[in-house]
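Below: the structure, in structure tokens.
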Amino acid sequence: MFQDALIDAQTRVQVALDQVMRPHEGVIADAMRYTCTGGKRLRAFLVMEGAHLHGVSPQVADQAAAAIEMIHANSLVHDDLPCMDDDDLRRGMPTVHVQWDEATAVLTGDALQTLTFEVLSELEAPAQVRVALISSMAKAAGAAGMVLGQAMDIAAETAETPLTLDEITRMQAGKTGALIEWSGQAGAILAEADPTPLRHYAQAIGLAFQIADDILDIEGDAAKAGKRLQKDADAGKATFVSLLGMVGAKARAGELIVQACDALSPYGDSANNLKAAARFVIDRDT
Ligand code: GRG
């Protein structure tokens, strides 16, 4: 069942994260562990489930899952900095620059990023598989992926006109979608199988995830979410809700979930957990 599989993924990725960070000591290592605590672990779950579908060993999948959760945590720490979103609360805890200071937050993100690539380079997998995962991670996180999406989002704050639906879709494909896409495909890449069905699935849930985030920003409960809400509305920024309306945004998210589940048809019932995860992406309250 999906809920059991998600809890299992949360437990397994925490063990893997503890293991990869164990040799590290000092304040940055403390902040890395702090940053990698909590969260839904959706990206780890996607890696593990995709790996399971392709018969990849859980040990290898868990390392790849730890890698994506570390670069995701890197993005959250940097996103929360005063020069970006300037947030005090993340996953229900003070953000790293509040708990420590800005220099620590920058360095913690940097250290998580390099450890991400170190872990991928040391996976028990053929060299060409490791290179494929490293290269796709670099592209997903970098100047044509998450960094680009974040830069577009920041530029939109001072732009004269709000983003159009097309622009916001491209911005989110980078900012949120690229790492989700990497997570979805990683299991197939590890098995040297065709990643196309999982890529299509992950692209659809990535966009649905962001639409759900925009809905939660308005309808969510800040205490449950563990972070500040109503930010985009307060800043007068265009969101999927402002552009499609609440009813339209919910309908679009629902369509994307159908599309995501359709993409999984080559896997039949073995992909039931991934189908349930697609629903979870839009039904979640955090
Ligand atoms: C790491 C190379 C690199 C660059 C960072 C700061 C930045 C560039 C990007 C910001 C990206 C960002 C924070 C996007 C928001 C994505 C998002 C909706 C995060 C929340 O994800 P959840 O809900 O969080 O899965 P949990 O806490 O459950 O893990």
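The values are calculated or read from the model by the stated rules, or taken from the named source; none is laboratory data. Just so it is clear, the structure is predicted and the values come from calculations on it, not from any experiment. Reconstructed Cβ throughout: ideal geometry from the backbone, glycine too, with neighbour counts over all protein chains shown.
Given the residues 238, 277, 233, 212, which is the only one that is away from the ligand (no atom under 15 Å from the Cβ) and either modelled with pLDDT of 95 or more or assigned to a loop (DSSP other than H, G, I, E, B) (or both)?
Details: 277 fails: away from the ligand (no atom under 15 Å from the Cβ); 233 fails: either modelled with pLDDT of 95 or more or assigned to a loop (DSSP other than H, G, I, E, B) (or both); 212 fails: away from the ligand (no atom under 15 Å from the Cβ).
From the options 238, 277, 233, 212, the qualifying one is 238.
So, restricting to helices (runs of 4 or more DSSP H) that lie completely within region 6-97, which ones have at least 3 residues that are surrounded by 15 or more Cβ atoms within 10 Å (Cβ to Cβ), within 15 Å of the ligand (Cβ to nearest atom) and within 14 Å of the chain's Cα centre (by Cα)? Walk me through how you get there before you give the answer.
On the way: elements: 27-35, 42-53, 58-79.
In region 6-97, the matching helices (runs of 4 or more DSSP H) lie at 42-53, 58-79.
Do you know which residues across region 142-179 are among the polar types (S, T, N, Q), part of a loop (DSSP other than H, G, I, E, B) and at pLDDT 95 or above?
We begin by selecting, within region 142-179, every residue among the polar types (S, T, N, Q); these are 150, 158, 161, 164, 169, 172, 176.
Now restrict to residues that are part of a loop (DSSP other than H, G, I, E, B): 161, 164.
Listed by number, the list holds a single entry, 164.
Could you grab me the full set of residues in region 125-153 that are within 9 Å of the ligand (Cβ to nearest atom) and touching a residue at least 60 places away in the same chain (Cβ under 8 Å)?
If the condition is that a residue be within 9 Å of the ligand (Cβ to nearest atom) and touching a residue at least 60 places away in the same chain (Cβ under 8 Å), then 141, 146, 150 are the ones that fit.
Scan region 150-188 for residues that are out of contact with any Gly (no Cβ under 9 Å at 6 or more places or on another chain) and under 15 Å from residue 140 (Cβ atoms) and jot them down.
none
Being at positive phi and among the small types (Gly, Ala, Ser) is true for just one of 236, 206, 187. Which residue is that? Reasoning before the result, please.
On the way: 206 fails: at positive phi; 187 fails: at positive phi.
Within the list 236, 206, 187, the selection yields 236.
For a quick check of your reading of the model, give me the residue pairs whose first member lies in region 32-54 and is of a type in the set (Phe, Trp, Tyr), whose second is more than 10 Å from the ligand (Cβ to nearest atom), with beta-carbon atoms closer than 6 Å and at least 6 apart or on different chains.
Once the first residue is of a type in the set (Phe, Trp, Tyr) and sits in region 32-54, its partners that are more than 10 Å from the ligand (Cβ to nearest atom) give 45/6; 45/9.
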